[in-house]
Structures are given as structure tokens and as C-alpha cells.
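Take a look at the structure set out below.
The values are calculated or read from the model by the stated rules, or taken from the named source; none is laboratory data. This one's a predicted model, so the numbers in the text were calculated from it and none came from an experiment. Here the Cβ is made from the backbone with ideal geometry for all residues, glycine too, and neighbour counts use every protein chain on show. SASA here: full protein model, heavy atoms, side chains in, ligands and nucleic acids out. Shrake-Rupley method; radii C 1.70, N 1.55, O 1.52, S 1.80 Å.
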Amino acid sequence: MNGVWLAVLLVGAVSVVMKAAGPVVLGGRELPPPLRRVVTLMAPTLLAALIATQMFGAHRAVVVDERAVGLAVGALGLWRRWPTLLVIALAAAATAVTRLVTAG
């Protein structure tokens, strides 16, 4: 077993232990309200950070390209509460059209 697989197994084991720690530590009790608010906001915040780094920081520098147009169209669609499938299709189409226009 090489070092990469050892690292994968170690990270997997640590992940399982961390996920199990919450129920074990709480023992069936509810989280306090301030902590519950923080936990509720963690997933959207992490998702936004992942999107931002993949969109604008993929090349070790801030890059604004055709993906930003797709992101803007998607954000507009979500803000206007359009159906999710329509938002995805419009964001993909906006990105494709922008690539087509800027490439030629």
C-alpha cells in the first residue's frame, strides 16, 4: 500500500469519527439555539466558498471568464425563483454562448 492510499484511508477514518462525534457527544440532546443557527449556515457558506474558489481562483489568480456569466444568470434565476431545471439550462446556455462569442 503506497502513501496515497494510506492518506485516503486515514482521511476516511477521520471523517467517520468526526461524523460520529456529534451524536455521541450530544447524547440525544438538542443543540443550543445559537449553535443551531451557526450549524444551519455552515453548509451554504461552505458551498459558496467552494463555488467561488472554483469559479474565480482556479488558475492561482483571480480569473473572470465565461463561467462568471453563467453564474450570474444562475444567481438571477434563483433570485427570481425560477424552476431549478430552467436555471441550470439557462446558466449552461449563457456560458456556452459566451464561450462561442469570445472564441470567435
Members of the stretch 42-78 found to be over 16 Å from Thr98 (Cα atoms), among the aliphatic types (A, V, I, L, M) and at pLDDT 85 or above, listed by number: Met42, Ala43, Leu46, Leu47, Ala48, Ala49, Leu50, Ala75, Leu76, Leu78
Residue list for the stretch 31-41, filter: open to solvent by 80 Å² or more (accessible area, probe 1.4 Å) and either assigned to a loop (DSSP other than H, G, I, E, B) or charged (D, E, K, R) (or both): Arg36, Arg37
Complete set of residues in the stretch 42-71 that are in a helix (DSSP H, G or I), open to solvent by less than 90 Å² (accessible area, probe 1.4 Å) and without any contact (Cβ under 8 Å) to a residue 12 or more places away in the chain: Ala43, Pro44, Thr45, Ala48, Ala49, Ala52, Thr53
Failed criterion for Gly28 (all others in (1) of a type outside the set (A, V, I, L, M, F, W, C); (2) open to solvent by 50 Å² or more (accessible area, probe 1.4 Å); (3) in a helix (DSSP H, G or I) hold): (3)
